[in-house]
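Accompanying notes for the structure given below.
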Amino acid sequence: MKAIALITGATSGIGMATARLLAANDYNVIITGRRNHLLENLEESIMKATGAEVYSLHFDIREAEQVEKAIDELPDDWKKISLLVNNAGLSAGFEPLDEGSYDDWNRMIDTNVKGLLYISKKVAKLMIENGQGHIINVSSIAGKEAYANGAVYCATKFAVDAITKSMRLDFLRKNIRVGSISPGMVETEFSIVRFHGDEDKAANVYKGLTPLFAEDIAETILFMASRPAHVNIDDILIMPTAQGFTRDVNRKL
Ligand code: NDP
Ligand code: 8X3
């Protein structure tokens with residue numbers, strides 16, 4: 001039986017590219033997200049392209065009960081998860097704190113922090129039972145440097161860094177590797193979601209520069225996952241060449 005990877009937020013962007021790449025590199029994959037039709041399309045396309053087995057789990061990661069039920073109801077063979085990629089996440093809104101919306105803040109905190117905790121708790125338990133595992137958290141440059149208009153998103157990614165460091169120690173003696181990848185700008189649906197569906201505003205973010213692409217992150221995650229068992233990559237900070245700091249970019253307009 002091939003190793004099993006569970007990738008959260010596989011209906012788009014980094015998660016989708018990671019699911020495709022892992023499936024092409026000897027993993028069977030569990031893909032998750034809220035948009036069921038996209039999970040169905042991805043399942044079919046991965047199976048056709050790679051021959052890997054795919055299992056789709058449809059849930060909202062902000063809902064602890066949905067997360068628990070989804071993992072509990074996995075068939076026994078699919079519970080032998082050896083790689084968890086905690087990727088589901090978002091940024092909502094881009095304004096100074098006094099103008100921020102509670103709804104946006106709750107969405108980010110509930111998804112990026114609480115959702116990551118819910119699924120990690122469930123899957124880590126399975127990994128401990130199986131005697132091995134690897135958890136890779138998708139953090140961000142926004143978890144290293146805070147920027148204007150990003151207080152809550154940055155706070156959630158600083159939290160992901162803290163959670164990664166604690167998990168590494170919690171599982172040090174459990175044969176579970178833990179690390180994170182912290183990307184700068186990656187062109188996905190991220191900015192469309194951040195600007196509440198405004199595609200023009202989102203396109204401006206990447207205007208005049210070459211951002212990272214989802215495949216760049218997927219390749220790096222595969223690299224982290226494929227190191228020999230004695231190697232733990234704690235964190236990789238990966239930036240577009242044109243982005244030196246969160247808001248300091250070399251734009252050629
Ligand atoms: P996308 O918007 O393209 O993908 C986000 C994914 O997260 C989707 O599959 C979405 O699925 C899933 N998701 C969001 N909310 C929920 C939820 N409540 N329940 C379940 N799944 C959810 O963005 P990216 O691929 O860019 O983002 C992936 C990760 O990378 C995020 O954690 C983001 O913070 C991080 N990141 C992104 C960067 C970038 O510049 N793009 C840079 C650094 C980090 P669905 O909507 O179907 O539920
Ligand atoms: C996304 C990176 O700098 O656009 O996590 O906030 S940034």
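Any read-out appearing in this document is the output of simple, stated calculations on the displayed coordinates, not a laboratory observation. Remember, predicted model here, so these are calculated numbers, not experimental data. Methodologically, a virtual Cβ is constructed for each residue, glycine included, from the backbone with ideal geometry; neighbour enumeration extends over all protein chains shown.
What does the net charge come to around ALA202 if you take all other residues with beta carbon closer than 12 Å to its beta carbon, with K and R at +1 and D and E at -1?
-2
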- request: Determine ³J(HN,Hα), in whole Hz, for all residues of the stretch 114-131 in sequence, where each value follows from phi through the Karplus function 6.51 cos²θ - 1.76 cosθ + 1.60 and θ = phi - 60°; x replaces Gly and Pro.
  value: 5, x, 4, 5, 4, 6, 5, 4, 5, 6, 4, 4, 5, 5, 5, 4, 7, x
task: Mind listing the long-range amide H neighbours of GLY9? Cut-off is under 5 Å, sequence gap 5 or more, other chains count too, H placed in the peptide plane at 1.01 Å from N.
output: THR32, GLY33, ALA88
task: Rounded to whole Hz and in sequence order, give me ³J(HN,Hα) for the stretch 41-52 from the Karplus expression 6.51 cos²θ - 1.76 cosθ + 1.60, θ = phi - 60°, writing x for Gly and Pro.
output: 4, 5, 4, 5, 5, 5, 5, 5, 6, 10, x, 5
Calculated from backbone phi, Karplus (6.51, -1.76, 1.60) coupling profile of the stretch 226-243 in Hz, x at Gly/Pro: 9, 5, x, 4, 7, 10, 10, 7, 6, 6, 10, 9, 10, 10, x, 4, 7, 10
message: Give me, ordered by chain and number, the residues 5 or more places off ASN137 or on other chains with an amide H under 5 Å from its own placed amide H.
response: ASN86, GLY179, SER180, ILE181
field: DSSP beta bridges in the stretch 122-253 [antiparallel fraction, %, rounded to 5]
entry: 15
- request: Quick one: net charge around VAL186, please, counting Lys, Arg +1 and Asp, Glu -1 for every other residue with C-beta under 10 Å from its C-beta.
  value: -3
statement: Quick calc, the chain, dipole around Cα centre from Cβ unit charges on Lys, Arg (+) and Asp, Glu (-), nearest 20 debye, gives 760
field: Rounded to 10°, Cα long-axis angle of helix 151-170 versus longest principal axis of the chain
entry: 30
Leading residue at positive end of dipole, the chain (Cβ point charges), from GLY51, ILE135, VAL231: VAL231
- request: Compute from the Cα atoms of the stretch 3-243 the Rg and the Dmax, the latter being the longest Cα-Cα distance, and quote both in angstrom.
  value: 17.0, 51
task: Return the subset of LYS125/LYS201; LYS69/LYS144; LYS165/LYS252; LYS48/LYS174; LYS114/LYS174; LYS114/LYS201 for which the Cα-Cα distance in this structure is over 30 Å, preserving the input order.
output: LYS125/LYS201; LYS69/LYS144; LYS165/LYS252; LYS48/LYS174
query: Out of MET16, HIS37, PHE171, whose Cα points farthest toward the positive end of the dipole of the stretch 3-243 (charges: +1 Lys, Arg; -1 Asp, Glu; placed on Cβ)?
result: PHE171
message: Can you give me the C-alpha center-to-center distance between the stretch 227-247 and the stretch 1-50, rounded to a whole angstrom?
response: 23
query: Ordered by packing density, taken as the mean number of other Cβ atoms within 10 Å over each peptide's residues, highest first, how do 188-195, 116-123, 79-86, 103-110 rank?
result: 79-86, 116-123, 188-195, 103-110
